[in-house]
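**Student:** Here it is: the structure, laid out below.
The values are calculated or read from the model by the stated rules, or taken from the named source; none is laboratory data. Worth saying up front: this structure is predicted, and the values here are computed from it rather than measured. Positions of Cβ are generated from backbone atoms using ideal geometry, with glycine treated the same way; all protein chains shown enter the neighbour counts. Just the protein is used for accessible areas: all its heavy atoms, side chains included, with ligands, DNA and RNA removed. Shrake-Rupley method; radii C 1.70, N 1.55, O 1.52, S 1.80 Å.
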Amino acid sequence: FYPPHAPAYPAWLDREVPMWEQIRQRDVLLFYPYHSMQPFLDLLRQSAADPAVVSIQMTIYRVAGKSAVIKHLCAAENGKAVTVLVELRARFDEGNNITWARELEEAGCRVIYGPASYKCHGKICLITRKEKAGLSYVTQIGTGNYNEKTARLYTDLCLMTADHDIGEEANAVFNALAKGETVHE
């Protein structure tokens, strides 16, 4: 009925400049499906290859069958601490999530699972980089799943920020989740 829609790479982002540098200059907000998920995938890919990146932490609820997100996380395990919280209670995707958890573990990533009494539905990714002045963060917070296929269909937001306070808060969330705890503030 309507002509097909293809998500666009945002015009205000430069494909030739690393995402980390662009996010450091200003927050990036993507609106799926109107914007492409590619800038976030570029951030993950670039972070996996960046020797200054010391860790990547991420929550996974649903990912695509052929997931670039998982591919980049597995590739990042070259001297980086990669921790992925996999929520197994994702209706109709439980088997897929178990398969991805095994693949991540085989690649050397640390896999943790959602707290027993809660369903972890949050979408958060924290990338930590060692700089001359200390640690810096890029935090991604979103409403949608890290799924390239559904990002082309469903309306969701993806915020990527280098705000240090948000990075510290995301770090506290991952520290609590690693211990099986929740953060109540």
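**Student:** Select, from 30, 85, the only residue that is farther than 18 Å from residue 148 by Cα and in contact with a Cys (Cβ under 8 Å, 6 or more places away or on another chain).
**Tutor:** Details: 30 fails: farther than 18 Å from residue 148 by Cα.
Just one listed residue meets the conditions, 85.
**Student:** Within 20 Å of residue 64 (Cα to Cα) and open to solvent by less than 60 Å² (accessible area, probe 1.4 Å): does that describe residue 111?
**Tutor:** Working: within 20 Å of residue 64 (Cα to Cα): yes; open to solvent by less than 60 Å² (accessible area, probe 1.4 Å): yes.
The answer is yes for residue 111.
**Student:** Please determine whether any residue of region 5-16 is closer than 23 Å to residue 108 by Cβ and in contact (Cβ under 8 Å) with a residue 60 or more places away in the chain.
**Tutor:** Initial filter on region 5-16 (closer than 23 Å to residue 108 by Cβ): none.
No, region 5-16 contains no residue that is closer than 23 Å to residue 108 by Cβ and in contact (Cβ under 8 Å) with a residue 60 or more places away in the chain.
**Student:** When residue 136 is evaluated against the numbered criteria (1) of a type in the set (Gly, Ala, Ser); (2) outside any strand (DSSP E or B); (3) modelled with pLDDT of 85 or more, which criterion, by number, is the only one it fails?
**Tutor:** Going through (1) of a type in the set (Gly, Ala, Ser); (2) outside any strand (DSSP E or B); (3) modelled with pLDDT of 85 or more one by one, residue 136 breaks only (2).
**Student:** If the requirement is being open to solvent by 10 Å² or more (accessible area, probe 1.4 Å), more than 23 Å from residue 155 (Cβ to Cβ), basic (Lys, Arg) and assigned to a loop (DSSP other than H, G, I, E, B), which of these qualifies: 45, 15? Give the derivation first.
**Tutor:** Numbers: 45 fails: assigned to a loop (DSSP other than H, G, I, E, B).
Being open to solvent by 10 Å² or more (accessible area, probe 1.4 Å), more than 23 Å from residue 155 (Cβ to Cβ), basic (Lys, Arg) and assigned to a loop (DSSP other than H, G, I, E, B) holds for just one of 45, 15, which is 15.
**Student:** Okay, moving on. Residue 37: of a type outside the set (S, T, N, Q), in contact with a helix residue (DSSP H, G or I) (Cβ under 7 Å, 6 or more places away or on another chain), within 16 Å of residue 161 (Cα to Cα) and open to solvent by 10 Å² or more (accessible area, probe 1.4 Å), yes or no? Walk me through it before giving the result.
**Tutor:** Numbers: of a type outside the set (S, T, N, Q): yes; in contact with a helix residue (DSSP H, G or I) (Cβ under 7 Å, 6 or more places away or on another chain): yes; within 16 Å of residue 161 (Cα to Cα): yes; open to solvent by 10 Å² or more (accessible area, probe 1.4 Å): yes.
Against the criterion (of a type outside the set (S, T, N, Q), in contact with a helix residue (DSSP H, G or I) (Cβ under 7 Å, 6 or more places away or on another chain), within 16 Å of residue 161 (Cα to Cα) and open to solvent by 10 Å² or more (accessible area, probe 1.4 Å)), residue 37 qualifies.
**Student:** Check whether at least one residue in region 22-42 is within 22 Å of residue 64 (Cβ to Cβ) and acidic (Asp, Glu), and report yes or no.
**Tutor:** Within region 22-42, one or more residues are within 22 Å of residue 64 (Cβ to Cβ) and acidic (Asp, Glu).
**Student:** On the basis of being at pLDDT below 95 and buried (at least 16 other Cβ atoms within 10 Å of the Cβ), does residue 28 make the cut?
**Tutor:** Working: at pLDDT below 95: no; buried (at least 16 other Cβ atoms within 10 Å of the Cβ): yes.
Taking the combined requirement at face value, the residue does not satisfy it.
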